Amino acid sequence: MILNLKGGVAKTATAVNMAAILARGYRKRILLVDADSQCNATEFFGGDPNKGNLADVLRHEADEGLFAVASIQSSNFLGVDLLCGSDELMDLDLTKVELQGVRALVLREMVQQLAAKDQYDYCIVDCPPAFNAASTAALIAADDVVIPIKLDAFALRGMGNLMRQITNMRKINPSLRLSGCLPTMWYNSPLIVEAEKTLRDSGLPMYPHIRRTNKVDAMTFAQEPLLLTSPRSAAGIDYREFVREYMERRS
Ligand SMILES: Nc1ncnc2c1ncn2[C@@H]1O[C@H](COP(=O)(O)OP(=O)(O)O)[C@@H](O)[C@H]1O
Ligand SMILES: [Mg+2]
């Protein structure tokens, strides 16, 4: 899962490019779950929340896992299927879980159902910049977490809180690992280089950085991943390298 409590750190850019690279480059079958009420990943891959979305899945009563599986749709990118986001995800507050009958285990049950059917190789969750019902359900279901970080003076702020949440969640999901922090939108300046070094020195597992390029904005307009729009751009190359390392760390 792709998680950071901050917005605008390239969670969605990472999720959609990772999905595309795994599907096209590695021939993996990918399920992308959009856990953000902004629905950027849903829109990017041409999903229709009316044909099923995570908010409905989190509220569904009986046979939750089966209902979740039935809510999956194909995307406009071959090899990537979607469980769409919904603006209703915003209303699903974790503190009202019981009140609203939200089922925190539903994604875990869905993943187990899918594993039994051997339908997908990877499930990627694009998280909202918040701890809410959707991100909690993802943490309970996930094997690992990738944390995109935009390098600035505030980059490390909030990381302690995030680490605590991940550690806490291990009581429910013991297999949850921090795969690594992924510095994004990197550019060559003394301040950015220094911020990256500080992050590395903090002892957290790290990935090589993703360079900043306006090809990423362009990709969102084109609604096609870097692999199709600008595979040789700096970020296009860096995301492929990130996925290669990610796969290496999994094995
Ligand atoms: N490597 C990059 N270089 C330049 N711009 C980027 C890069 N990665 C992301 N962006 C831009 O930053 C903004 C935020 O990215 P996004 O993936 O939507 O973040 P989040 O999902 O964390 O809110 C978007 O406008 C996106 O195009
Ligand atoms: Mg996003």
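The values are calculated or read from the model by the stated rules, or taken from the named source; none is laboratory data. Predicted, not measured: the structure shown is a model, and the values here were computed from it. Neighbour counts run over all protein chains shown; Cβ positions are idealised from the backbone, glycine included. Remember, those area values only see protein heavy atoms, side chains included, never the ligands or the DNA or RNA. Shrake-Rupley method; radii C 1.70, N 1.55, O 1.52, S 1.80 Å.
A compact table of results
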{"quantity": "Enumeration of residues in region 198-224 that are assigned to a loop (DSSP other than H, G, I, E, B), more than 20 Å from S179 (Cβ to Cβ) and within 16 Å of ligand 2 (Cβ to nearest atom)", "calculated": "Q223"}
{"quantity": "Hits in region 225-242 - residues which are farther than 20 Å from G8 by Cβ and either within 16 Å of ligand 2 (Cβ to nearest atom) or of a type in the set (V, I, T) (or both)", "calculated": "T229, I237"}
{"quantity": "Residues of region 155-170 classified as in a loop (DSSP other than H, G, I, E, B), farther than 17 Å from A141 by Cβ and open to solvent by 60 Å² or more (accessible area, probe 1.4 Å), total", "calculated": "2"}
{"quantity": "Output for region 225-251, where each listed residue is over 17 Å from the mean Cα position of the chain (by Cα) and assigned to a loop (DSSP other than H, G, I, E, B)", "calculated": "S230, P231, R232, S233, S251"}
{"quantity": "Restricting region 113-127 to residues that are part of a loop (DSSP other than H, G, I, E, B) and under 16 Å from Q73 (Cβ atoms), the residue that is modelled with the highest pLDDT", "calculated": "Y120"}
{"quantity": "Candidates A134, A141, A130, filtered to the one that is within 16 Å of ligand 1 (Cβ to nearest atom), in contact with a helix residue (DSSP H, G or I) (Cβ under 6 Å, 6 or more places away or on another chain) and either at negative phi or open to solvent by 10 Å² or more (accessible area, probe 1.4 Å) (or both)", "calculated": "A134"}
{"quantity": "Test: residue in region 56-70 that is at pLDDT 95 or above, buried (at least 19 other Cβ atoms within 10 Å of the Cβ) and of a type in the set (V, I, T)", "calculated": "no"}
{"quantity": "Qualifying residues in region 19-54 (those that are assigned to a helix (DSSP H, G or I) and within 11 Å of ligand 2 (Cβ to nearest atom)) - the one nearest to the chain's Cα centre (by Cα)", "calculated": "A41"}
{"quantity": "For L182: the one exception among (1) at pLDDT 95 or above; (2) more than 18 Å from the chain's Cα centre (by Cα); (3) buried (at least 19 other Cβ atoms within 10 Å of the Cβ)", "calculated": "(2)"}
{"quantity": "Checklist (1) away from ligand 1 (no atom under 12 Å from the Cβ); (2) within 30 Å of Q113 (Cα to Cα) applied to V146, failing item", "calculated": "(1)"}
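For (1) under 26 Å from E248 (Cβ atoms); (2) surrounded by fewer than 24 Cβ atoms within 10 Å (Cβ to Cβ), each residue gets a yes or a no:
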| position | (1), (2) |
| --- | --- |
| A10 | yes, yes |
| D36 | no, no |
| G46 | no, yes |
| I72 | no, yes |
| L78 | yes, yes |
| G85 | no, no |
| M90 | no, yes |
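To keep it simple, each residue is scored yes or no on (1) aromatic (F, W, Y); (2) in contact with a Ser or Thr (Cβ under 7 Å, 6 or more places away or on another chain); (3) in contact (Cβ under 8 Å) with a residue 24 or more places away in the chain.
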{"residue": "M185", "(1), (2), (3)": "no, no, yes"}
{"residue": "N188", "(1), (2), (3)": "no, no, no"}
{"residue": "D217", "(1), (2), (3)": "no, no, no"}
{"residue": "L226", "(1), (2), (3)": "no, yes, yes"}
{"residue": "E248", "(1), (2), (3)": "no, no, no"}
{"residue": "S251", "(1), (2), (3)": "no, no, no"}
